[in-house]
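Below: one structure, written as structure tokens.
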Amino acid sequence: MKVDVLPHVENMRHSTPSYTSEKANWRTRIDEDGIFWLQLDKKDSSANTLSEDVLQELDEILADIEKKPPKALVIDSAKPKGFCAGADIKSFKNHDESGMADMLHRGHAVLDKLVALDMPTIAVIHGHCLGGGLELALACRQRIGIKDGLEMGFPEIRLGVHPGLGGTYRLTRLINPITAMTMMLTGKSAHDKQARKRGLIDDLVERRHIENAVRAAIGKGIKKRRRGFGNYILNTLIVRKFAAKKMRAESEKKAPSANYPAPYALIDLWEKYGANTHKMQAAEVQSFARLMVSETANNLVRVFFLHQSLKRQAKNHAGIQHVHVIGAGSMGGEIAGWCAMQGLKVTLSDQKAEPIAQAVKNTEQLCNSKHKSNAETRDALDRLISDMRNTGLENADLIIEAVPEKIEIKKKLYQAIESGIKPDAILATNTSSILIEKLADCLNNPARFMGLHFFNPVSKMLMVEAIGHENTGAEVVERMLAFTRDIGKIPVRVTSYPGFLVNRALTPYLLEAIIMLEEGIDKTHIDDTAKKFGMPMGPIELIDQIGLDICIHVADMLADSLDKPVAKIPGSVRKKAENGKLGKKTGEGFYQWKDGKAQRGENSSEKQSAKNNDDQVTDRLILPMLDACVECYRREVVRDLDHLDGAMIFATGFAPFRGGPIHYARTRGVNEIITALEKLCEQHDERFKPDQGWQSL
């Protein structure tokens, strides 16, 4: 009888098992030493998730184990990418608060049954171990991590909830409770050695040493780990109260309680019940169920599915193995480094050696920040090849042009290189503002040309605009959507239009902030009002981040290209840019900049709030952005409203808890927004005139 073995313990000693069991989502066997091997293999899925059927089957398996106890239980994953990605979010969508609580109680009962087993229980973890997957691992007595790529964390806060299957109390009892709370409040993961240092795992080993590690763990028996005296002190009531106060203050800076209730619900749980596991468990269930049906969670879950929908645009892999990047500036260098880190061969060309050297240095730093091993970093740097003579051009599958934003420079480059590109290669431009058809008209084969607009910084921004023109081949578009996904980004498919989608929608928001600044409204008040709405950064600070020169260029381009009027850049702002005060990159713009941060000075925002109607300030900033989104949909720049919402969230940070600009407009009421725009049009000028596309919504 042939036995399926665990992929990463294939060198372990096996004989015909004395016990096997068939389940849809679990592989089970017991070896000659009496060790029960339980392997999660979610049916019809590339990743493991803890759905209701997975937990039901686990409950049945644990019941059998209770009747006939093995020597030990080892839980593992059959999926190559990781242990478990978390709970199945789809299962949350059809429950009210009471139904959600019932589902959680059933899940807790299963994990409690695992905890209660009177034998060594060991989770062997590789890759991602997140959310419900980490809660499953925490229910085991010991955890062994496999080196290189291990990721453990609780990202639930990004969905508007906190851990709900025991994570809140099991993690704060296992490791330093302050560290545990920080992990849950930020949603940030621990990787490899960091996970070992924090105590999330008991051992971190190479894949080939799993057998010895498992045997050693079983040899330790079922002794419970003693909590250190330091951890005990940190979990006392007086410390919890003090720490909770600081946690609320820190959370308020990044996730205001008015918009994001989950962090504060989690802090309340630990502060009140941190010393009592049973009370914290009961409170965790009720808190999670209440949060899960909130508007914030509904919208953040919506954002999660928008992300999935954008990724699913690509049906197949792109077949891109070699990327040639021309221009090693801040954008080109980062694009090249990111592609190399994703496993592609990259040749990077520039007229000077210094930018290429800087790109290599930045790529090494990027690998370190992404927790790549020394070997992975070395391999990425080996794939990033300096190519001053453009020798990689003739063999590249994809050529990405990232030279200065001048149409003449770009066209001259295309005419020089087109004949040297292999017939099936794709030529893409990273332009942020030039119409694609204007660049394509100099090409002999425009069908293989399109825009790939990455956002800055490439390493942090998920979104890429994939911009075709009327002659772009359908296969070329499909391959570029797939390429974007293959390198870990998410594409939004747009047609060529002034500003494309993101810059067309974002620019009116930025320009209106400048106009209000000229009217005498304090810049800190403008920025604070935008952040109160839910934007990650105020528009004035964002202009400084982008650069006044770039903002002026895009604004002038839109003014020349659009039928609708846009706000005019005041002369004082143009003079500021002419004097070299371009923002963060020069140390001064609208703000002074020091150590990469805007120096806000004395905050007069509260005084300004008394003098100005905050709701009108908000509407003047946000409604022009919404109106531009509607215009882009009407003109079929983007044909899917959900994709439009996703693009604006992932590219601009549009308040995620509001579900996207179109979703927000519909929630607030389309007629109410039309009325507000008409009123602003009367008070100011035609730039606020509602687009005719509103009627179709």
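Bear in mind these aren't lab numbers, they're just calculated from the coordinates by the rules spelled out. In this text, all values refer to a predicted model and were calculated from it rather than measured experimentally. Note that each Cβ is placed from the backbone with ideal geometry, even for glycine, and that neighbours are counted across all protein chains shown.
Before moving on, here are some points about what is shown:
- Karplus-derived HN-Hα couplings along segment 155-162 (A = 6.51, B = -1.76, C = 1.60, θ = phi - 60°), whole Hz, x at Gly and Pro: x, 4, 4, 6, 9, x, 9, 10
- For segment 283-415, diffusion coefficient by Stokes-Einstein and Kirkwood Rh (Cα), 10 °C, 1.306 mPa s, µm²/s: 92 µm²/s
- Across segment 502-696, the mean sequence separation of Cα contacts (distance under 8 Å, 6 or more residues apart), normalised by length, yields a relative contact order of 25 percent.
- Sorted by Cβ density within 10 Å, fewest first, the residues SER432, SER294, SER419: SER419, SER294, SER432
- Dipole-positive endmost among GLY451, ALA425, ALA474 within segment 322-495 (Cβ charges, Cα centre): GLY451
- About the centre of its Cα atoms, segment 502-696 shows a dipole size close to 380 debye [charges on the beta carbon of Lys, Arg (+1) and Asp, Glu (-1) only; nearest 20 debye].
- Dipole magnitude (debye, nearest 20) for segment 322-495, charges at Cβ of Lys, Arg, Asp, Glu: 320 debye
- Helix 210-219 axis, angle to the chain major axis (alpha carbon atoms, nearest 10°): 50 degrees
- The ratio of the alpha-carbon radius of gyration of the chain to the globular-protein estimate 2.2 N^0.38 Å is 1.04.
- Going from the fewest other Cβ atoms within 10 Å to the most, the residues ASP41, ASP387 appear in the order ASP41, ASP387.
- With Cα atoms as the point set, segment 7-298 shows a radius of gyration and Dmax of 18.7, 59 Å.
- Across the options GLY145, PHE305, THR675, the greatest Cα extent toward the positive end of the charge dipole of the chain (unit charges at beta carbon of Lys, Arg, Asp, Glu) belongs to GLY145.
- For the chain, calculated [θ]222 nm from helices alone, where every DSSP H run of n ≥ 4 adds -39500 (n - 2.57): -15000 deg cm²/dmol
- Summing charges over all other residues whose Cβ lies under 13 Å from the Cβ of ASP102, with Lys and Arg as +1 and Asp and Glu as -1, gives -2.
- Overall dimensions of segment 420-477 as given by Cα atoms, namely Rg and Dmax in Å: 11.9, 36
- Dipole-positive endmost among CYS442, LEU62, GLY221 within the chain (Cβ charges, Cα centre): GLY221
- The peptide list 61-70, 153-162, 579-588, put in order of mean Cβ contacts within 10 Å with the highest first, becomes 153-162, 579-588, 61-70.
- Ranked LEU435, LEU269, criterion: other C-beta atoms within 10 Å, fewest first: LEU435, LEU269
- Computing Rg and the Kirkwood Rh from the Cα coordinates of segment 366-523 gives a ratio, Rg/Rh, of 1.03.
- For segment 75-203, the fraction of alpha-carbon pairs in successive 5 Å shells from zero, as %: 2, 11, 21, 25, 21, 13, 5, 1, 0
- Dipole magnitude for the chain: computed about the Cα centre from +1 point charges on Lys and Arg Cβ and -1 point charges on Asp and Glu Cβ, it is near 2400 debye.
- Average Cα contact separation per residue, segment 547-660, under 8 Å, 6 or more apart, as relative contact order %: 12 percent
- Table column - 3J(HN,Hα) (Hz), segment 58-67, Karplus curve with 6.51, -1.76, 1.60, x for Gly and Pro: 4, 4, 5, 5, 5, 5, 5, 5, 4, 6
- Long-range tail of P(r) for segment 502-696 (Cα pairs > 19 Å, %): 59 percent
- Each Cα pair under 8 Å and six or more residues apart adds its separation to the average, and for the chain the resulting relative contact order is 8 percent.
- With respect to the chain, whose longest principal axis is taken over its alpha-carbon atoms, helix 407-417 is tilted by about 60°.
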